[in-house]
Amino acid sequence: MRVLATLLLATVFATCGETRHDQPLKLGLLTYISEGSAQNAQDRQRAFHLAIAHLNQAGGVFGRPVEAVVADTQQSPDRAVDEAQRLIEAEDVHAIVGPSTSVNSLAVAERVTGSAGIPFISPAAGTARLTDAADNDFFFRATLSHRAYGPALARLAGERGFDNVGVLYRDDLWGQGLARAFDQAWDGALRSVAVEIGQGSVADALRESAAGGAQVLVALLYPAEAVIAAREALDLGLYDQFLWNGALRNLDLIEAIGADALADSYGVGASATGQPAPAWVESYVQAYGEPPVGSYAREVYDSTIALALAAQAGNSTDGTVIRDHLRAVVSGRGEPVTAGPDGVARALEVLADGGQIVYRGASGPLEWDANGDLRQGYVGVWRYTADGRIEHVRRILHES
C-alpha cells in the first residue's frame, strides 16, 4: 500500500508539472468602475481591451484567442476580495490585472491570490506595505512604490520655491504611506492632516493644514476628494497653489474646478513619456480616437501583455508557471520587443518557437525584484495648463 501511495503521489506531481493549455488563456481585470474617477476607469478598461486585441490579432496565446473578463471592485477591499474570488472560481481566470488601489491590492494579495496560486499585477498600487505582503510571490506591480513618488513630490515642492506646505492625505493605507514618504523627504515646514474617507467637506482639515502659514496645498487624495478640497480651499481663500499626486492626473479636476483655477499647478505620478512607445500610442488612438488622459492606462496594458507572454513562455495556463516566467519575459537575455501590435506579435512568435524575449513596455521597463517591485522606473512631472490640458514636463529616473 505504501508503494502504491508513493506511485500515486508521483503521478499527481508529474501531472501538475505537465503543460496545461487544453483551454484558452483567460485574463481578468479588477478595477474600480462604478466608484472613483470615470476618466481613469474608462482609460484603464480601454487599455486592457487593447492588449487583448493585440494578442488576438497576433493569433493569441498557444494559437488560441485570449479570453477576458472585467470586474468592478468599487473602492472596497471586501468587494475586491469577492470579485477576485468570483473571477477565479466562477470565471476560471488564470491571471489577473489589478486592482488599481493599494488597499484593494493588499486585500486580494493576502486573502485570495496568494493561496489560490493566481498571479496578478497591479498597475497602480503604490503603498510600500505591499513589498512585504504575504502573497506567496504571486503579487507584482507595474508602478513604482511610494518610496519613489513621495521624495519626487517633495523635490518638486522645493523646486517650485515652497518651503512651507500643508498636506491633506486620504486616511487609508495608500494615503498614509504616501504622506509618510513625502514627510520623510521634506525638509521644510509642514502641517499634515488626515482626511476621513467619504467626507462631504474638508474645511476644518484645510484650516488646520494652513494654520502654520502654508504656501501650497499638497493633495494626496483621490479625485472626488481632491475636487472637494480644491473648491473649499479656493472658496475659503486658504490656498491658491496646489501640488498633486499621480491619481489626480486626469481631466476630472479641470471639469469640476476650472482650468483657470488649476493653471500651472504641478503633480508627479507614473511617467507617460520618455520613450513613449509610439506604435502603442498610435494603436490606442486608432482604436479610441484619442490618447489616454487618465493615469495608469499604459501600466494596465503592460500588465496584461506581460501575463500573456509569461503564459506563452511557460506553455501553460497554470498560475505558478505563469508567475515563474514573468520575470524572464521582461528582463535578462532575449530579443527586445516593444509595446504595440507588431511588438506583441513578434514576442509571441519568438516564444512559440522556443526563443527568449525582453518586453519593453509602453510605461517603461518592467524588471521585477524578488518582492514583485520594479527595480527601476520613471516618475513623471506634469502640470495643468490654462487651456485645460495636462502637459508632461519631464521624467525622473528612479532606481531601487
Inset, instruction - Go through the residues of region 240-248 one by one and say whether even a single one is part of a loop (DSSP other than H, G, I, E, B), within 24 Å of ALA125 (Cα to Cα) and within 18 Å of the chain's Cα centre (by Cα). - result: yes
Legend entry - Flag if ALA152 is among the hydrophobic types (A, V, I, L, M, F, W, C), touching a residue at least 12 places away in the same chain (Cβ under 8 Å) and within 17 Å of VAL379 (Cβ to Cβ): yes
Inset, instruction - Among the residues of region 338-385, write down those that are in a loop (DSSP other than H, G, I, E, B) and farther than 26 Å from VAL285 by Cβ. - result: ASP353, GLY354, GLY355, GLN356, GLU367, ASP369, ALA370, ASN371, GLY372, ASP373, ARG375
Legend entry - Among (1) surrounded by fewer than 16 Cβ atoms within 10 Å (Cβ to Cβ); (2) modelled with pLDDT of 95 or more; (3) more than 19 Å from GLU35 (Cα to Cα); (4) not β-branched (Val, Ile, Thr) - the single one TYR239 does not satisfy: (1)
Inset, instruction - Select, from LEU206, LEU221, the only residue that is within 19 Å of the chain's Cα centre (by Cα) and buried (at least 22 other Cβ atoms within 10 Å of the Cβ). - result: LEU221
Inset, instruction - Return a yes/no flag: does region 285-295 have any residue that is of a type in the set (Val, Ile, Thr) and assigned to a loop (DSSP other than H, G, I, E, B). - result: yes
Inset, instruction - Could you check, for region 182-194, whether at least one of its residues is farther than 30 Å from SER316 by Cβ, touching a residue at least 40 places away in the same chain (Cβ under 8 Å) and buried (at least 21 other Cβ atoms within 10 Å of the Cβ)? - result: no
Legend entry - Subset of region 125-145 (residues that are over 12 Å from the mean Cα position of the chain (by Cα), part of a loop (DSSP other than H, G, I, E, B) and either under 12 Å from TYR296 (Cα atoms) or among the hydrophobic types (A, V, I, L, M, F, W, C) (or both)): ALA133, ALA134, PHE138
Legend entry - Residues of region 134-148 classified as in contact with a strand residue (DSSP E or B) (Cβ under 6 Å, 6 or more places away or on another chain) and either of a type outside the set (Val, Ile, Thr) or at pLDDT 95 or above (or both), total: 5
Inset, instruction - Tally the residues that are basic (Lys, Arg) and closer than 30 Å to ALA107 by Cβ, restricting the search to region 156-182. - result: 2
Inset, instruction - Could you figure out which of (1) of a type in the set (S, T, N, Q); (2) under 27 Å from the mean Cα position of the chain (by Cα); (3) under 20 Å from ARG383 (Cβ atoms) isn't true of GLN176? - result: (3)
Legend entry - Top-ranked residue in region 365-400 [being hydrophobic (A, V, I, L, M, F, W, C) and more than 29 Å from PHE242 (Cβ to Cβ); ranked as modelled with the lowest pLDDT]: LEU366
Legend entry - From the options ALA386, ALA308, residue that is under 30 Å from ALA256 (Cα atoms) and aliphatic (A, V, I, L, M): ALA386
Inset, instruction - Go through region 24-110 and tell me which helices (runs of 4 or more DSSP H), entirely inside it, have 1 or more residues that are over 18 Å from the mean Cα position of the chain (by Cα) and surrounded by fewer than 17 Cβ atoms within 10 Å (Cβ to Cβ). - result: 38-57, 77-89
Inset, instruction - Could you list, in sequence order, all residues of region 311-348 that are over 21 Å from the mean Cα position of the chain (by Cα) and either under 18 Å from ARG141 (Cβ atoms) or touching a residue at least 60 places away in the same chain (Cβ under 8 Å) (or both)? - result: GLN312, ASN315, SER316, THR317, ASP318, THR320, VAL321, PRO341, ASP342, GLY343, ALA345, LEU348
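The values are calculated or read from the model by the stated rules, or taken from the named source; none is laboratory data. Because the structure is a prediction, the values reported are computed rather than measured. Please note: Cβ atoms are built from the backbone with ideal geometry, for glycine as well, and neighbour counts cover all protein chains shown.
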